[in-house]
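The next block holds one structure in the form of structure tokens; read it before the comments.
The values are calculated or read from the model by the stated rules, or taken from the named source; none is laboratory data. Only a predicted model underlies this, so the values are computations on that prediction, with no experimental measurement involved. Counting neighbours? That spans all protein chains shown, and the Cβs are built from the backbone with ideal geometry, glycine included.
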Amino acid sequence: MLTLAPDISMMSGLVHDLRQPLSVIDACADYLNLVLPPNDRRARQQLELLQQQVGEANRILHEALLNLHYTDAPAAADNRSSTNAASSAVTY
């Protein structure tokens, strides 16, 4: 039977790889914010939109990673409880 359980390390790597270009885009936006003339309203609106969308993409990636770890938590908890049960059965 085929299971589609996510590989946490693979997904963590993917999130990291996606955050790298977002960081570059955000740094470029910060630079543009410094050099754009204050009276260029249209460019400033576009820059603000760009920064909002980078923030939204980062939020989505962060939530996806949290959800991935959360969905894996019951399996980790099951492993801990079986380990605790086995260790409590040991007598000294």
- Message: Just to verify a result, which residue in the range 1-27, among those that are over 13 Å from residue 65 (Cβ atoms) and either surrounded by 13 or more Cβ atoms within 10 Å (Cβ to Cβ) or β-branched (Val, Ile, Thr) (or both), is modelled with the lowest pLDDT?
- Response: 3
- Note on the structure: For the range 37-54 the number of residues that are among the hydrophobic types (A, V, I, L, M, F, W, C) and exposed (fewer than 14 other Cβ atoms within 10 Å of the Cβ) is 2
- Query: Hey, among the residues in the range 47-79 that are at pLDDT below 95 and over 16 Å from the mean Cα position of the chain (by Cα), which one's nearest to residue 17 (Cα to Cα)?
  - Reply: 73
- Message: If I go through the range 23-46 residue by residue, how many of them are charged (D, E, K, R) and either closer than 19 Å to residue 61 by Cβ or within 25 Å of the chain's Cα centre (by Cα) (or both)?
- Response: 2
